[in-house]
Structures are given as structure tokens and as C-alpha cells.
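Beneath this line is the structure, given in C-alpha cells, with notes to follow.
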Amino acid sequence: MTSSGTNPERRPPDDPVGSAAWELLLPAVSAPARTRGRTLQAALREAVRSGRLVPGTRLPSSRDLATDLGVSRGLVTEAYEQLTAEGYLRSGRGAGTWVGGAVRAARPRARDLAPRTPGTRADFVAGTPDLSLFPRAAWATAHRGVLSELPHQDLGYPDPRGLPRLRAALAELLTRRRGVVADPERIVVVSGVAQATTLLGFALHARGLPTVGVEHPGSPQHDALYTAAGVTTVPVPLDEDGISVRRLRDAGVRAVVATPSHQFPTGIAYSARRRAELLDWARSVDGFVLEDDYDGDFRYDRAPVGALQGLDPDRVAYAGSASKSLAPGLRLGWLLVPQTLADEVIERKRTMDLGHPTIDQALFARFVERGDYDRQLRRCQRAYRERRDALVFALDEHLPGTEVSGIAAGLHVIAELPRRYGPQEKVLPRLAAAGVTVRPLTDYAHARAEPDEKRGVRLVLGYAHLSPTRIREGVRLMAEAARG
């Protein structure tokens, strides 16, 4: 036996406990000499945690285990003493060493709770872009550039609003593309529109505004996010021009969430008259419009309509993100806040997470500054326009009489099936049985809103994540299932 190396002729002991320990700990023996002690401790610790060495098991003496493993006795003694101090083992003078009873944890299993639609033949759920369009090469180039040029001090805790470089780049971008009034001092870099919504909810609550109007139908996440901030949501119905200002006044709220450039999910764009009426309402009640610029960059029949915030930046808080243009997994967005809400929002951002990751911010700033983001938007716009055209054509071919509503924009359409296919409670199970995943417009109704019984089956069909071929095949499957 060597003092610290391995013994090439060692054999596992005959008793079962010693054999189990030998098999569990043997890989640690092959570790480099300088790390062998820590590796042996880790292997023994994991054997207890995983239950392979159960409480009450008596371990071999340090002398016997050292002999079996071909290591020094001191190495095993040190491992036993360390794990006894931590509570994994217990020992008594002359009584040997035993597995303690304090450990109850088994090896944790890392579950994936990301939203998925497994086992489907066609997935038309809205809200996901084509993640294969993510510009990996340009992003990697920007990443290398940032790591080589980022000042050391920028790796510390950032300004909770975001790096000045990124806020300046966003101000130029949003002014040019979305027509906003973008003061870099009032831009807050956030983890997507969801965090922007939560921050605004806290700011409203702090100002004594306990309720906020939300579009009906609208994004289901608004209700949960505002509720988490202590603000109650009130559904306000839409008409052909946008959210009903008359019903908004009846609701008695002083803040409202709106998606005026491309309403989600109906797909309408607010008329110029409704935009003016909405701002007049906000001024009259000393309130705010919380503008979610949902896929505002993607308009296919004309240039996108500018954001509402540009008309009154003191009454409109504007939120957007790179989730549809790059990838939702980046968790990267921006919030332009009215001056009267800025202090509360910034302080909430600071206490919530001490600021967005600085390397990600510097990377995106470089991406915007060098024109890569504009190129990515053009690339996505070409792809999504082609896919929308493919979906409309396929619906006309396989489900004739289907009415597609909403402007030519965004990443989804509303498709109302002809009544001959039957009521919703019969159509949806048939589609699900055929492996076609869709969501009806009723899924986006507010829980406290009155149901609309006057219309047929209206489906919210997302297409951005599907190739034209998969779109055509999916619509064909949908048609076969709808016919029963």
C-alpha cells in the first residue's frame, strides 16, 4: 500500500458494506493528489445524500478503508472528521463511524417548467417568434467585442435604470423607429414587458391608484402581474376603433393598459380618433395610459403607426422588448416612464434586482449601435410577412369561408370559422384529438367580463414560429379535424 497514491492490486472487501463504500469512493482515488481529499469527501457526502449509504450504516474503519482504496489513512480520517462535523456521519470513541440520521435530501431533479406543447402535430399557439432566426453569428461577434472593450467598472452594480450607453442607444432607436419622445434619463432597462408591467403596478399602487383598466379581450398576463403588485384589474371592452373610452369612464379607473399599434389578441389598430379620445380621458382624470407596444415593429401593408407615447409622454408609459425580434429568453426590454412615475419605478427596479446584467446591456447596446438590430428586424419582417400570407392562403384553400380579421401585422391572426363546422365546444375537442394545438379567442377574455355569445368559433392562430410548409400542413390537418 502506498501512502497517498493508488494501489493497483487492491480488491473490494468481502463484506457488503465495505464493498458498497469501495465502489462509491473508488472514482475519487483517481483524482489528482492535490484534490484527492476534497474529491473523497464529496463522493462520500453524495453517497449519503443520495441514500446509497442509508442512515445507521456502519462504515469501515479508517485503516481498513484506506487499505481497500490504496490511499493514506490520514486522507480517510480527515474525510470522516469533516463529514462528522457537517452532520453526515456520527462517531463515538471505540464505537466506529456511522451514517448519521440528519440527512433527508435525495439528489434533486432539475425539472423544466418552460411552456411547451409536446406531442402535437401542428402548434398554432400565438406569442412565439421563430427562434431559429436568432442572429447567432452577429450576437457572438458583438459578445466578443463587448468583453474586449467593457471597462472594469461597468462590471459592478449598474445604474438601476440601465447602462447609459444602452439607454442612449435605445433613445435613438425608439425615436427613429417608433416615434416616441425618448429621454435617456427616463428609460429603464427591464427584464421584458412583464417586469415593466409589475414595476408600473407598484408605482400606481404607491400613488393611491388601486385599480387599472385592461383591454377585454387582452393579454392574460396583465391580470396576474397587476394583482401581484396589489392592483385590481377591471375589464374594459373594445370596439372597432379600440378600447371603449365611454366604458373606461364608467369603470372609474385612472390608469389603463393599451396595445394601440396592434391590439392583442384581436389584431386591430386604434384609430386616430380613439387615440385622441384616450389621451383626453387620461388628462381629464389626471391618469395614465400604460402602452404595451406589442409587436409594434411588424406591419406588412404599410409603415408601422407610431407609438401613442409620442403624443403625450407625460401621460403615457411605454413598454417594449426584444422578445419578438430576437428571443424571449434574453429577458430584455425597456420602459419609458412619465416623470411623475419615474422615481417610484426606478427605486422599485433597484430593490427588485439591483439592475439588469451589465454584459447583456453592453452587448445589446453594441448590437443596436452597429445596425445589427435594424438588420434583424428587417429579416424577421420578411419572414413573418411570408408566413402570414401562407396562413391566409391555406385557410382560404382548406377552410373556405373562414374570415381573417385584424390588420396585416404582428405574429398572429384571428380566424373565424364558418358556422357549418359547429359550435366551439365541438370543434375544439376535434382539433385537440387530431394533434392540432390552437387557442380560441375566448381564452383571452377577462375573468370578470361578460361572455360574447354572438360570434362563431374564433381562433387566435400564431404563425411566426412555423415554416410556410408546416403552416400549410397544419391548416390541412385542422380542416380535416374540423369537418369531423
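Here are the numbers for the structure shown:
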read-out: Residue list for the range 348-382, filter: part of a helix (DSSP H, G or I), within 18 Å of PRO160 (Cβ to Cβ), open to solvent by 10 Å² or more (accessible area, probe 1.4 Å) and touching a residue at least 12 places away in the same chain (Cβ under 8 Å); value: ARG348, ARG350, MET352, ASP353, THR358, ILE359, ASP360
read-out: Some residue of the range 408-415 being open to solvent by 30 Å² or more (accessible area, probe 1.4 Å) and either under 29 Å from the mean Cα position of the chain (by Cα) or in contact (Cβ under 8 Å) with a residue 12 or more places away in the chain (or both); value: no
read-out: Considering residues of the range 205-239 that are polar (S, T, N, Q) and open to solvent by 50 Å² or more (accessible area, probe 1.4 Å) only, the residue farthest from GLU344 (Cα to Cα); value: GLN221
read-out: Odd one out for LEU279 among (1) assigned to a strand (DSSP E or B); (2) surrounded by fewer than 22 Cβ atoms within 10 Å (Cβ to Cβ); value: (1)
read-out: Those residues of the range 120-136 which are open to solvent by 80 Å² or more (accessible area, probe 1.4 Å) and either small (Gly, Ala, Ser) or modelled with pLDDT under 95 (or both), in sequence order; value: ARG121, SER132
read-out: Subset of the range 42-85 [touching a strand residue (DSSP E or B) at 6+ places or on another chain (Cβ under 7 Å) and of a type in the set (Lys, Arg)]; value: ARG58
read-out: Residue in the range 220-238 that is free of Cβ contacts under 8 Å to residues at least 24 places away in the same chain and over 22 Å from the mean Cα position of the chain (by Cα) present; value: yes
read-out: Within the range 188-206, considering residues that are under 16 Å from the mean Cα position of the chain (by Cα) and in a helix (DSSP H, G or I), the one nearest to ARG331 (Cα to Cα); value: GLY192
read-out: Looking only at the range 398-407, and only at residues there that are in contact (Cβ under 8 Å) with a residue 24 or more places away in the chain and not aliphatic (A, V, I, L, M), the one that is nearest to ILE268 (Cα to Cα); value: GLY406
read-out: Tally of residues being assigned to a loop (DSSP other than H, G, I, E, B) and either touching a Lys or Arg at 6+ places or on another chain (Cβ under 6 Å) or among the small types (Gly, Ala, Ser) (or both) across the range 412-447; value: 5
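The values are calculated or read from the model by the stated rules, or taken from the named source; none is laboratory data. Given the structure is predicted, the values throughout are model-derived calculations rather than measurements. Cβ atoms come from the backbone with ideal geometry, glycine included; neighbour counts cover every protein chain shown. The accessibility values were calculated without ligands, DNA or RNA, using every heavy atom of the protein model including side chains. Shrake-Rupley method; radii C 1.70, N 1.55, O 1.52, S 1.80 Å.
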